[in-house]
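Values quoted throughout were computed directly from the atomic coordinates according to the rules given, and no laboratory measurement underlies them. Treat the numbers as computed from the prediction; the structure is a model and nothing was measured. All Cβ positions, glycine included, derive from the backbone under ideal geometry; neighbour counts span all protein chains shown.
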């Protein structure tokens with residue numbers, strides 16, 4: 001890949017009008033492969049008149065296209081003996097419980113030591129698949145369930161299920177503020193127009209839908225169950241910040257940690273010291289790519305998030321209930 005990663009732009013000419021975005025960029029910038037350009041488009045690193053678009057979107061004459069490349073590590077991806085928490089494995093798929101502080105795929109700044117490197121060590125045959133079988137991601141500091149394809153057939157099936165929105169992904173999210181009731185966030189997400197390391201709700205972004213319900217309320221915080229209908233980069237983090245309930249411990253979208261006045265010292269210390277966004281992928285449902293059987297996986301909360309919730313439960317709350325459940329019932333629901 002070219003080392004020239006400066007931002008590039010072009011104005012769509014009459015001869016380019018009506019063609020796909022990825023085709024036009026591949027022709028205009030032959031130093032990059034079309035697959036790499038498609039990845040950048042999907043990651044929101046291409047803007048057309050200031051908005052994110054899809055690879056297949058047709059361009060119009062006069063539109064301004066901006067490509068913001070990002071480096072990837074050079075050289076062959078290597079297998080590394082990094083421990084994996086395997087939840088399920090057969091000949092077609094592998095389901096893992098990702099810990100915090102583990103990047104999923106190598107990129108600039110993280111050339112190795114990633115989940116992908118661990119997968120290649122665990123199952124060397126994954127080297128034959130795109131991205132070693134990874135079909136979706138979790139942020140570095142988000143914990144929980146990921147499914148990996150082990151064959152091309154399984155890969156095609158899982159990608160199709162994700163595209164058709166039939167994969168069920170549920171999270172636990174501890175957010176700032178007291179959320180009154182559950183709801184639905186339907187707000188398109190794209191690359192932030194100024195701060196390129198962030199995503200944002202933007203008018204012409206990619207469709208993004210999140211459903212949330214209250215599990216437990218604390219004094220100044222709320223534990224939510226969040227279900228993704230789509231899977232955009234940073235979706236839950238962006239959507240929760242959009243409704244003014246950012247995730248605890250999220251410096252990118254939440255800012256400074258908020259400790260309500262009167263919080264007990266132990267809880268205040270736990271909130272301030274929590275080292276990551278309080279987000280855990282707790283449940284995953286999909287159709288087996290070969291047998292067609294419905295599969296459901298669930299893992300306990302990550303230990304650090306469970307410990308934080310324990311501290312918060314010692315706090316008094318005006319209304320600790322959610323959706324008609326009492327505190328004991330809610331604590332059980334949160335652990336499941």
Cβ-Cβ FRET estimate between residue 7 and residue 295, R0 fixed at 25 Å, reported to 0.05: 0.05
Relative contact order of the stretch 86-163, defined on C-alpha pairs under 8 angstrom at six or more residues apart (%): 36 percent
On Cα atoms only, tilt of 152-163 relative to the major axis of the chain in degrees: 70 degrees
Global geometry of the stretch 86-163, whether rounded, prolate or oblate, following the gyration tensor of its Cα atoms and the 1.5 cut on a/c: prolate
Which of 230, 310 has the fewest Cβ neighbours within 10 Å, and the rest in rising order: 310, 230
The chain - mean residue ellipticity at 222 nm from DSSP helices (-39,500 (n - 2.57) per run, n ≥ 4, rounded to 500): -6500 deg cm²/dmol
Per-residue Cβ neighbour rank within 10 angstrom, fewest leading, 82, 236: 82, 236
Euclidean distance between Cα centres, the stretch 234-248 to the stretch 151-202, Å: 11 Å
Residue among 119, 14, 25 with the largest mean-square fluctuation in a Gaussian network model of the chain, springs linking Cα atoms under 10 Å: 14
Tilt relative to the chain, helix 303-313 - C-alpha long axis, 0 to 90 degrees, to 10: 40 degrees
Value of relative contact order over the chain, rounded to a whole percent, pairs C-alpha under 8 Å and six or more apart: 14 percent
Proxy reagent accessibility, fewest Cβ within 10 Å first, across 296, 239: 296, 239
Top of 143, 222, 151 by mean-square fluctuation, Gaussian network on the chain, Cα under 10 Å: 151
Whether the chain is rounded, prolate or oblate, judged on the alpha carbon gyration tensor where a/c under 1.5 counts as rounded: prolate
